[in-house]
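See below for the structure under consideration.
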Amino acid sequence: MPEHRQQRALRMGVIGTANIAMRRIMPVLAAHDHVDLVAVASRDKARAERVGAAFGCHGVGDYAELVERDDLDAIYIPLPPAMHHEWALRALRSGKHVLVEKPMSDTYEKTLELMSTASELGLVLAENFMFLHHSQHAAVRAMLDEAVGELRLFSGSFAVPPLAPESFRYQPALGGGALLDVGVYPLRAAQLYLAGELEVLGACLRVDEATGVDVAGSVLLSDDRGVTAQLDFGFEHSYRSTYALWGNRGRVSVRRAFTPPEQLKPVVRIEQQDVVTERSLPEDNQVFNAMDAFVRAALTGTGPLTDTSVIHRQALLVDRVRRAATLVGDPKTRPSDVLAEDLA
């Protein structure tokens with residue numbers, strides 16, 4: 001077993017100074033008992049040094065320099081989606097465990113290469129869907145038989161108000177668009193409850209004429225049992241982050257499914273015939289839980305994050321949605337054009 005897996009502290013570096021890294025991830029890593037936050041990289045060296053000083057680590061002005069450091073065991077990558085593959089692959093090939101922000105990459109083929117490389121090298125590769133690490137979802141699963149019965153329909157929505165115009169989310173070359181940014185959340189949540197490989201029965205992506213990226217979408221899925229999932233997402237909405245499960249006994253809805261604050265006691269609503277019940281669940285810190293799961297997996301070389309089958313299933317489903325989607329809003333763009341571009 002490699003020496004770094006025996007160490008008590010995981011020596012970590014961060015490639016990129018995205019808002020999510022500085023606001024949510026780096027504070028947790030810097031405070032974690034089993035993490036030594038060593039360095040952060042930005043292409044703006046002065047920015048890297050400022051961020052590094054704020055979190056007690058080195059600031060590096062070059063991504064490649066950070067990847068090749070021999071004092072790192074693992075790297076966290078919060079770059080735009082189109083940059084995930086290049087830097088995750090370089091980090092893996094340099095012998096580092098990798099935690100990459102969702103989505104794992106901007107195409108199915110690139111994700112397959114990352115998974116294959118991690119497997120060959122015996123390294124942990126994880127996709128940072130933090131909501132999966134909140135205890136409310138296990139609590140919901142535990143009440144399904146009693147409150148929902150046989151599942152008939154899953155519905156999920158994640159949408160946010162318009163973002164800053166300069167955001168990478170409006171830049172096609174950087175992997176922008178609502179499907180890869182917010183749509184992947186309800187797609188991943190549906191797989192918690194629907195069985196097996198999911199069929200895309202229909203999908204629609206609304207494309208912004210000015211930027212060329214999808215800014216909203218809807219998807220209809222089905223599993224082999226005929227259980228369906230209705231999903232909605234976008235950048236043009238009032239905030240919504242929810243999912244619901246509807247069965248022959250009742251309906252359960254999760255109000256803050258994807259980004260609950262750590263101080264929040266989530267409320268789950270149960271509707272059965274003429275009775276409506278609301279249950280308050282314990283508060284939980286999904287950011288810490290997600291980081292802790294990665295750290296433990298990297299230090300021991302074992303655990304659920306070493307199983308990349310869930311990453312494969314998610315990447316395949318996103319690819320199927322993209323291929324099946326009808327594009328509206330931009331008369332210059334046709335589904336066949338996008339498919340050819342994706343496969344190039």
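The set of residues in region 234-243 being open to solvent by 50 Å² or more (accessible area, probe 1.4 Å) and closer than 22 Å to VAL267 by Cβ consists of HIS237, SER238, TYR239, ARG240.
Scan region 229-251 for residues that are in contact with a Lys or Arg (Cβ under 7 Å, 6 or more places away or on another chain), under 17 Å from ASP274 (Cα atoms) and not in a loop (DSSP other than H, G, I, E, B) and jot them down. Of everything in region 229-251, those that are in contact with a Lys or Arg (Cβ under 7 Å, 6 or more places away or on another chain), under 17 Å from ASP274 (Cα atoms) and not in a loop (DSSP other than H, G, I, E, B) turn out to be TRP246, GLY247.
Restricting LEU264, LEU231, LEU220 to those that are out of contact with any Pro (no Cβ under 9 Å at 6 or more places or on another chain) and open to solvent by less than 60 Å² (accessible area, probe 1.4 Å) reduces the list to LEU264. Restricting to region 15-54, and then to whatever is open to solvent by 10 Å² or more (accessible area, probe 1.4 Å) and assigned to a strand (DSSP E or B), can you tell me which residue is farthest from GLU68 (Cα to Cα)? Within region 15-54, the match that is farthest from GLU68 (Cα to Cα) is VAL35. Taking the criterion of being open to solvent by less than 60 Å² (accessible area, probe 1.4 Å), outside any strand (DSSP E or B) and of a type in the set (D, E, K, R), the only residue of region 201-217 that qualifies is ASP208.
The values are calculated or read from the model by the stated rules, or taken from the named source; none is laboratory data. Computed from a prediction, not measured in an experiment: that's the story for all the values here. Ideal geometry is used to build each Cβ from the backbone, glycine not excepted, and the neighbour counts take in all protein chains shown. Only protein heavy atoms, including side chains, enter the accessible area calculation; ligands, DNA and RNA are left aside. Shrake-Rupley method; radii C 1.70, N 1.55, O 1.52, S 1.80 Å.
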